[in-house]
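To start, the structure itself, in structure tokens.
Values in this text are rule-based calculations from the coordinates and carry no lab data. In this text the structure is predicted, and so the values were computed from the model without any measurement. Positions of Cβ are generated from backbone atoms using ideal geometry, with glycine treated the same way; all protein chains shown enter the neighbour counts.
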Amino acid sequence: MPVFDSRSFKDHEQVVFISDEKTGLKAIVAVHSTALGPATGGCRFWDYYATHKGSPVDVAQTRGEQDAVYDVLRLSRGMSYKNAMAGLRLGGGKSVIIGNSRELGTPELMAAFGRAVNKLGGMYYAAEDVGTSPDMMEAVHTETDYVAGLAEGEFATGDPSPHTALGVFVGIKAACEHKYGSDSLEGKTVAIQGVGHVGAVLADHLRDAGAKIIIADIVQSNIDAVLKNGPAEVVEPSRIHAVDCDVFAPCALGGGINPKTIPEIKAKVIAGAANNVLETEGVDDQALMERGILYAPDYVINAGGIISVEFEVHKEKIQGDMRKTKVLRIGETLKEVFETAEKDGRPSGIVANEMAEAIIKAAQDKTLSAAAE
Ligand code: NAD
């Protein structure tokens, strides 16, 4: 498999492969860029081999590990873009641990991962992600301080989800202003796909702002929790993207915007928390643009959580409204993306990528010219 010439490897500063025989740890840390600060991004624990179950063992192993490499590289670059667009002093990185987290994710294995992260000397900060829990990150923390999003500690910032939800809420308002000429949500209908940690808090913000909400989830208790706080129409998960509404807010898994769903979407705005919501970047956002649907790039609108984590990485106490003020700026950033995309007649996802790349390049140039002086 070509590595150095692959599109996903492009521009990475460093990729580290880690193993620990005693605990069975197999992990990869990808540092895309430290131009803006320490590379910061989640630690994903995922059974990449399971996808290739049924293939001969050596084939499943090779393909699973290829998937893990591809995933960590793609995600670490995504973190660089997200952190740059949020105006943070953080670079982009990500880690993956390969295997079934329920079977393998012991405190001992997480501690071994922590020792490996510690050896990177602060180049990479790990946080919780799919397959890792607060307890597992505490186990990482027993071996390193280069971990963030912790529940307890002097600078701990706790659960990032409410901040992500606030950012998505202001992003929806910014998108409505651009598309419908007003940021008021009074009388607007918003369809939320997935009412988990982010979607449930978003539902409260939307109802408080006078919006009608339609929700879907595959877990009934999550729907019940939202209904406890106020009214919502509930639809089947398979229908949520196609309901009559002004805004579609995907807050479940990635890949939900694709050639199958795009023709069925009735909303003129797509703005939600889900990461990697486009199945194919550059293709699906082009199709949305052609259908007159405004798309708020996922990593721009869902940056509230990492904005919160930045305080912890830089060991800063959060005073007053400083975190909220930063999260609210997501609306301004999106406005810039929407206006540029419209002026240039180009997909908003591509425009956001270019803006992020320009911010990272300016920081790299500044470092180089400072070194030359
Ligand atoms: P979560 O797991 O708490 O919630 C996701 C919800 O979606 C769950 O309730 C799940 O049951 C539901 N769901 C799964 N498949 C579904 C389907 N097909 N149809 C309808 N519902 C479905 O996750 P979360 O923390 O709320 O994050 C939501 C999304 O936002 C994820 O893509 C995540 O990567 C992204 N994100 C989250 C944060 C954060 O701070 N939590 C930050 C940035 C991005």
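DSSP loop (so not H, G, I, E, B), at most 16 other Cβ within 10 Å: list which chymotrypsin sites (Phe, Trp or Tyr not before Pro) in region 69-176 pass both filters.
Phe155
Give a residue-ordered list of calculated ³J(HN,Hα) values for region 172-187 (Karplus: 6.51 cos²θ - 1.76 cosθ + 1.60, θ = phi - 60°; whole Hz; x for Gly, Pro).
So the J values, rounded to whole Hz, are 5, 4, 5, 5, 5, 4, 5, 7, 10, x, 8, 8, 6, 9, 4, x.
In terms of Cα to Cα distance under 23 Å, which lysines are near enough to Lys317, apart from those fewer than 8 places away along the same chain?
The reachable lysines, counting only those whose Cα sits under 23 Å from Lys317, are Lys82, Lys326.
At most 14 other Cβ atoms within 10 Å and a DSSP loop assignment: could you name the trypsin sites (Lys or Arg not before Pro) in region 235-297 that fit?
Passing sites in region 235-297 are Arg239, Lys260, Lys266, Arg291.
Grab the other residues whose beta carbon is less than 10 angstrom from that of Lys268, score K and R as +1, D and E as -1, and report the net. If you can, show how the numbers build up before the last one.
Working: positive: Lys179, Lys266, Arg291; negative: Asp246.
Here the charged neighbours net out to +2.
Test of understanding: in a Gaussian network model of the chain with alpha carbons linked when under 10 Å, which of Leu120, Leu25, Leu73 would top the mean-square fluctuation ranking?
The residue with the greatest mean-square fluctuation here is Leu120.
Considering amide H positions built from the backbone, and no H for Pro or chain starts, which residues 5 or more places from Thr132, or on another chain, come under 5 Å of its amide H?
Hits under the 5 Å cutoff: Phe45.
On a 0 to 90° scale, report how tilted helix 322-344 is relative to the longest principal axis of the chain, with both axes built from alpha carbons and the result rounded to the nearest 10.
70
In whole angstrom, how far apart do the alpha carbon centroids of region 270-316 and region 119-178 sit?
Centre-to-centre (Cα) distance: 16 Å.
Nearest 10 degrees is fine. How inclined is helix 220-229 to the longest principal axis of the chain, computing both from alpha carbons?
50
Count the lysine pairs in region 118-268 whose Cα atoms sit under 19 Å apart, keeping only pairs 8 or more residues apart in sequence or on different chains.
15
Mind checking the angle between helix 197-208 and the chain's longest principal axis? C-alpha axes, 0 to 90 degrees, to the nearest 10.
Computed tilt is about 20 degrees.
With 31 Å as the cut-off, how large is the P(r) tail for the chain, expressed as percent of Cα-Cα pairs?
36
Output the peptides 84-94, 217-227 sorted from most to least packed, where packing is the average of other Cβ atoms within 10 Å over each peptide's residues.
Highest mean packing first, the order is 84-94, 217-227.
Please identify, among Gly64, Gly122, Gly54, the residue showing maximal mean-square fluctuation in a Gaussian network model of the chain using a 10 angstrom Cα cutoff.
Comparing Gly64, Gly122, Gly54 in the GNM, the peak value goes to Gly54.
Only sites in a loop by DSSP and with at most 10 other Cβ atoms within 10 Å count here; which trypsin sites (Lys or Arg not before Pro) in region 3-58 make the cut?
Within region 3-58, the qualifying trypsin sites (Lys or Arg not before Pro) (loop, at most 10 other Cβ atoms within 10 Å) are Arg7, Lys22.
When Lys and Arg each count +1 and Asp and Glu each count -1, what net charge do the other residues less than 15 Å away from Met322, Cβ to Cβ, add up to?
Net charge in that neighbourhood comes out at +3.
Based solely on its DSSP helices, what 222 nm [θ] is calculated for the chain when runs of n ≥ 4 H residues each add -39,500 (n - 2.57) and the sum is averaged over all residues, nearest 500 deg cm²/dmol?
Per the formula, -14000 deg cm²/dmol.
If you place +1 on the Cβ of every Lys and Arg, -1 on the Cβ of every Asp and Glu, and leave all else neutral, what size is the dipole of the chain about its Cα centre, to the nearest 20 Debye?
It comes to approximately 360 debye.
Length gain on complete extension for the stretch Arg329 to Arg7, per 0.36 nm per residue less the alpha carbon to alpha carbon distance?
On the way: separation 322, 0.36 × 322 = 115.92 nm, distance 3.10 nm.
That pair, Arg329 and Arg7, stretches by 112.8 nm at full extension.
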